[in-house]
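Peer 1: Could you have a look at this structure, given as structure tokens, before my questions?
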Amino acid sequence: MTTVWDLRARFYDVCEGSDLRRGPSKKALLRDMRGRILFVGVGTGLDILHFPPGRTIVGIDISEAMLLKARHRASAYPGRMVLLRADAQKLKFPDASFDTVATSCTMCSVPDPARAFDEFYRVLRPGGRLLMFEHVRSHNRLLGLALDMMTLWTRWGGTEMNRDTLSSVRTAGFRITSCTSVFLDIILSIRATKGLGAQGEIQASAPAPIGTPTPQP
Amino acid sequence: MANVIRRRGASPSPSDRRNEGTRKNSKDGSGSGWRVFFLTGDFAFLVCVGVAATVAAHMVHALEWAFVPTCLLSMGAAMAAQIVLSVMASPILGSIESMVPSMIVAMASPMAICAFHLAGQEPSRSMAIVVGGVVAMGMFVFVQIYGRSCVSSLRKERAKVT
């Protein structure tokens, strides 16, 4: 898997340089990054341009070649940013060590998304936020079929186009607080939160944590 | 459609309100120019794919081989044309945004050419171009309508639970 992404790093910026269209939606989502932030799948650092300034961010990616390209973008970021090579399925951070976990077109490429979501849940503090800019399988039969067919060959490049990421988010115990369409029901801007109580469920009597901005460090 | 959950009785968060405001502003302000640009780009791109796919299918049918291999080969040729055009368009229009609708166009338009041949008709090249254009326009309209329904249903679901 790492080799695939090292190879893809060479062409990634050209093939995935569709920020012209997705940029405003990404910016609106990532503006909600608060406190200690873990950005999973930083890639070549294309998304760093959409990070709000002045944040403390740990960016991880499985590919060293991707991180190599991301470093110059990270050095230009007006805030604190650290890049690390790490696997989303086996995070080496302690429990509840982040206030926000963010991803951008990452969960299509993680071999075992359920494990990765469990890890996100673990490293997030109770009430912490999960922000995701992801593409998922469409609920429309025709579009869903097209995505299934595309997956037949994109899978070889490490990307699955037909994942039910929203279900995986819920299964991991997160509560989805908002879901906005970026392109049809395929590219979504998702906000979720880790509950304060057991199994991630927010207690009815608990003070409303949804969307409550976390004080900056 | 995604089932959006919000805790009953909870009002939209300040950040959600702020983001909705931004979306509206970007639509009304500088975003409207980009919206027209992408609408035009999507339309032109889908028409290009539709025409290229049907012309490719038409050229394969002109070889006058047996029907089934001709259909399979014409589909393959249409898909190849679609992939090349999508890769070229993706840095501007977006990879998924260009790849997914155009794939359906590249599947449907050669099928139309095959259907003509199955019915004993021999469509001319100009007819093939028209068929490709019509299928592409149909897909463009579908994407616009379905896109609006996705946005509104997600909004309604959110409003219902708040």
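The values are calculated or read from the model by the stated rules, or taken from the named source; none is laboratory data. All figures in this text were calculated on a predicted structure; none of them were measured in a lab. As a convention, Cβ positions derive from the backbone with ideal geometry for all residues, glycine included, and neighbour counts pool all protein chains shown.
Peer 1: For segment B:62-93, enumerate the residues that are under 12 Å from the mean Cα position of the chain (by Cα) and either surrounded by fewer than 17 Cβ atoms within 10 Å (Cβ to Cβ) or facing chain A (nearest Cβ under 9 Å) (or both).
Peer 2: Result: B:L93, single match.
Peer 1: Now for a separate question. Among (1) over 14 Å from the mean Cα position of the chain (by Cα); (2) more than 24 Å from A:G157 (Cα to Cα), there is one condition A:D6 misses while meeting the rest; what is its number?
Peer 2: (2)
Yes or no, residue by residue, for (1) part of a strand (DSSP E or B); (2) within 22 Å of A:D32 (Cβ to Cβ):
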site: A:I60; (1), (2): yes, yes
site: A:M66; (1), (2): no, no
site: A:R71; (1), (2): no, no
site: A:D99; (1), (2): yes, yes
site: A:E119; (1), (2): no, yes
site: A:L131; (1), (2): yes, yes
site: A:H139; (1), (2): no, no
site: A:G144; (1), (2): no, no
site: A:T151; (1), (2): no, no
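Peer 1: Considering every residue within segment B:123-137, establish whether at least one is part of a helix (DSSP H, G or I), at the interface with another protein chain (Cβ under 10 Å from one of its Cβ atoms) and under 16 Å from the mean Cα position of the chain (by Cα). Walk me through how you get there before you give the answer.
Peer 2: From segment B:123-137, those part of a helix (DSSP H, G or I) are B:125-137; that's our starting set.
From what's left, at the interface with another protein chain (Cβ under 10 Å from one of its Cβ atoms): none.
Checked segment B:123-137: no residue is part of a helix (DSSP H, G or I), at the interface with another protein chain (Cβ under 10 Å from one of its Cβ atoms) and under 16 Å from the mean Cα position of the chain (by Cα).
Peer 1: Scanning segment B:95-107 for residues that are within 7 Å of another protein chain (Cβ to nearest Cβ) and at pLDDT 90 or above, which turns out farthest from the chain's Cα centre (by Cα)?
Peer 2: If we filter segment B:95-107 for residues that are within 7 Å of another protein chain (Cβ to nearest Cβ), which is where we start, we get B:95-97, B:99-100, B:103-104.
The next check asks that each one be at pLDDT 90 or above; those that pass are B:96-97, B:99-100, B:103-104.
Details: B:I96: 10, B:E97: 7, B:M99: 8, B:V100: 6, B:M103: 8, B:I104: 7 Å.
So, considering only residues that are within 7 Å of another protein chain (Cβ to nearest Cβ) and at pLDDT 90 or above, the one farthest from the chain's Cα centre (by Cα) is B:I96.
Peer 1: Then there is this: For segment A:41-58, enumerate the residues that are within 15 Å of the chain's Cα centre (by Cα) and in a loop (DSSP other than H, G, I, E, B).
Peer 2: Hits for segment A:41-58 are A:G41, A:V42, A:G43, A:T44, A:G45, A:F51.
Peer 1: Please find, within segment A:153-173, the residue that is nearest to the other protein chains (Cβ to nearest Cβ) out of those that are more than 20 Å from A:K92 (Cα to Cα) and not in a helix (DSSP H, G or I).
Peer 2: Filtering first and then ranking leaves A:M161.
Peer 1: For segment A:31-55, give me the residue count where each residue is surrounded by fewer than 24 Cβ atoms within 10 Å (Cβ to Cβ), away from chain B (no Cβ under 11 Å) and within 16 Å of A:T193 (Cα to Cα).
Peer 2: Of the residues in that region, 2 qualify.
Peer 1: Sort through A:A88, A:A74 and tell me the only one that's free of Cβ contacts under 8 Å to residues at least 40 places away in the same chain and either over 29 Å from A:L147 (Cβ atoms) or touching a helix residue (DSSP H, G or I) at 6+ places or on another chain (Cβ under 8 Å) (or both).
Peer 2: Just one listed residue meets the conditions, A:A74.
Peer 1: If only one of A:G128, A:G173 is crowded, with 23+ Cβ neighbours inside 10 Å and farther than 22 Å from A:R22 by Cα, which one is it? Step through it out loud before you land on a result.
Peer 2: Working: A:G173 fails: crowded, with 23+ Cβ neighbours inside 10 Å.
Result: A:G128 is the single residue among A:G128, A:G173 that is crowded, with 23+ Cβ neighbours inside 10 Å and farther than 22 Å from A:R22 by Cα.
Peer 1: Which of the residues that make up segment A:10-69 are without any contact (Cβ under 8 Å) to a residue 24 or more places away in the chain and aromatic (F, W, Y)?
Peer 2: A:F11
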